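Take a look at the structure below.
The values are calculated or read from the model by the stated rules, or taken from the named source; none is laboratory data. Here the structure is a predicted model, which means the values were calculated and not measured. Cβ atoms come from the backbone with ideal geometry, glycine included; neighbour counts cover every protein chain shown. Quick note on the areas: whole protein, heavy atoms, side chains included, nothing else; ligands and nucleic acids left out. Shrake-Rupley method; radii C 1.70, N 1.55, O 1.52, S 1.80 Å.
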Amino acid sequence: MEIIIQPTPEAATRIAARIIARQLREKPNSVLGLATGSTPLLLYRELVALKLDWSRVTTFNLDEYVGLPREHAQSYHSFMWENLFRHVNIAKKNVHIPDGNTKDIPAFCAKYEKQIKAASGIDLQVLGIGTDGHIGFNEPTSSLASRTRIKTLTQQTRRDNARFFASEADVPHHVITMAIGTIMEPKQILLLAFDPKK
């Protein structure tokens, strides 16, 4: 494990973007695991500015709210297309984001795991970390062997995410999330953590 400490989020983001750029140049058909939320926003802006070739890249997103329409401004579908995908030349068929409106969540989760395996696994996983230490939407007590699944959000996580909604009452109670067992399998993990006081 390599820990790189930088004085600002911008400096850390530039290094993270260079790591991803090197990955895409060395393996143009890379499989990336991507995160949402405020932490990776700077990273996605930096990646767009680098004008990399995404034409053969495949992506799998960490999570999505259950019951939120894809078109909703706070859905992670909307987030990813607004902040990254519409700015790069990625093929729509290569973008995978959990379906929070699926009729059969367990079947969808099993299919998502199979899709990751069929893509030969994730080469590089981008992660942020929540105020209580959650990764994806896996709280600190999550099983290390867990796989993609539905999770109930804690009150703390819903409170943290309320800043993106009109009120805390509007934050969905459930999400589909890659779980710890899935998240820990990629060949390379890029965890961005910023000091909230800066």
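Taking 7 Å steps out from each Cα toward its Cβ at LYS27 and GLN188 produces label points 0.8 nm apart. The distance linking the stretch 20-74 with the stretch 131-198 is 17 Å (Cα centroid to Cα centroid, whole angstrom). Charging the Cβ of each Asp and Glu at -1 and of each Lys and Arg at +1, and nothing else, the dipole of the stretch 1-74 about its Cα centre rounds to 320 debye.
Leaving out ligands, DNA and RNA, what percent of the accessible area of the chain is carbon and sulfur, probe 1.4 Å?
Numbers: 5620 of 10330 Å².
In the chain, the share of accessible area belonging to carbon and sulfur is 54 percent.
Taking only the C-alpha atoms of the stretch 45-150, the Rg (one decimal) and the largest Cα-Cα distance, Dmax (whole number), read 14.5, 39 Å.
When DSSP beta bridges are limited to those with both residues in the chain, what percentage is antiparallel, rounded to the nearest 5? Roughly 40 percent of the beta bridges in the chain run antiparallel, per DSSP. Among the GluC sites (Glu not before Pro) found in the stretch 1-69, those both in a DSSP coil and sparsely packed, with 16 or fewer other Cβ atoms within 10 Å of their Cβ, are GLU2. Spin-label model, THR102/ASN89: points 7 Å from Cα along the beta carbon direction are separated by 3.2 nm.
Taking the Cβ of VAL31 as the centre, find all other residues whose Cβ is under 12 Å away and add up their charges (Lys, Arg: +1; Asp, Glu: -1).
Details: positive: LYS27, ARG56, LYS117, LYS187; negative: ASP123, GLU185.
Net local charge, VAL31 excluded: +2.
Where a ≥ b ≥ c are the square roots of the eigenvalues of the C-alpha gyration tensor, would you call the stretch 82-198 rounded, which needs a/c under 1.5, or, failing that, prolate if a/b is larger than b/c, or oblate? It comes out rounded by the Cα gyration axes. Rolling a 1.4 Å probe across all protein chains gives ASP170 an accessible area of roughly 80 Å². DSSP finds beta bridges in the stretch 23-140, and of those with both partners inside it, around 10 percent are antiparallel.
Between SER120 and ALA145, the modelled label-to-label distance comes to 2.9 nm, taking each label 7 Å out from Cα in the direction of the beta carbon. Structural descriptor for the chain: relative contact order 24 percent, calculated from alpha carbon pairs under 8 angstrom and at least 6 residues apart.
Charge tally for LEU41 (other residues, Cβ to Cβ under 12 Å; Lys, Arg +1; Asp, Glu -1): -2.
Largest GNM mean-square fluctuation among THR39, THR182, THR131, using the chain with Cα springs under 10 Å: THR131.
Can you give the charge dipole size of the chain about its Cα centre, rounded to the nearest 20 debye, using +1 on the beta carbon of Lys and Arg and -1 on the beta carbon of Asp and Glu?
Working: 25 positive and 20 negative charges, 110 e Å.
It works out to roughly 520 debye.
Projecting the alpha carbon convex hull of the chain along each direction and taking the average yields 10.8 nm².
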